[in-house]
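*Asks:* The structure's right below; bear with me while I get my questions together.
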C-alpha cells in the first residue's frame, strides 16, 4: 500500500505547476520519514529518478488536531 501511495505523490509532483507546493500529510512518518522531519532518503532518490528536485515534496506528519484546508492553487495528499 505504501508504494502505491508514494507513486501517487510522485506522479502528482511531476504534474504540479512551478509555484505549487506538494505537501504529503501522513500518519505514517515512520515509513515515509527520515526521523528528522524530512522525507526518507530513498523517497528523495525516487524524486530525483523522476527528474524532480529532491525537495519537490514536503513531508508533514499528521497530528490528530491538525486541520487541513485546500485551495485551488495547493494540492495535498494524505493518508490516515
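The values are calculated or read from the model by the stated rules, or taken from the named source; none is laboratory data. Worth saying up front: this structure is predicted, and the values here are computed from it rather than measured. Here the Cβ is made from the backbone with ideal geometry for all residues, glycine too, and neighbour counts use every protein chain on show.
*Asks:* Could you list, in sequence order, all residues of the range 34-48 that are touching a strand residue (DSSP E or B) at 6+ places or on another chain (Cβ under 9 Å) and either loosely packed, with under 12 Cβ neighbours inside 10 Å or outside any helix (DSSP H, G or I) (or both)?
*Replies:* 34, 37, 38, 39, 40
*Asks:* Same structure again: Which numbered condition trips up residue 67, out of (1) touching a helix residue (DSSP H, G or I) at 6+ places or on another chain (Cβ under 8 Å); (2) surrounded by fewer than 16 Cβ atoms within 10 Å (Cβ to Cβ); (3) at pLDDT below 90?
*Replies:* (1)
*Asks:* Checking residue 31 against (1) at pLDDT below 95; (2) out of contact with any strand residue (DSSP E or B) (no Cβ under 8 Å at 6 or more places or on another chain); (3) more than 13 Å from residue 5 (Cβ to Cβ), which test does it fail?
*Replies:* Result: residue 31 passes all but (3).
*Asks:* Out of all the residues in the range 12-33, which are outside any loop (DSSP other than H, G, I, E, B), touching a helix residue (DSSP H, G or I) at 6+ places or on another chain (Cβ under 8 Å) and surrounded by fewer than 18 Cβ atoms within 10 Å (Cβ to Cβ)?
*Replies:* Filtering the range 12-33 for residues outside any loop (DSSP other than H, G, I, E, B) gives 12-15, 22-26, 29-33.
Narrowing further to those that are touching a helix residue (DSSP H, G or I) at 6+ places or on another chain (Cβ under 8 Å): 13, 22, 24, 26, 31-32.
The answer is 31, and nothing else.
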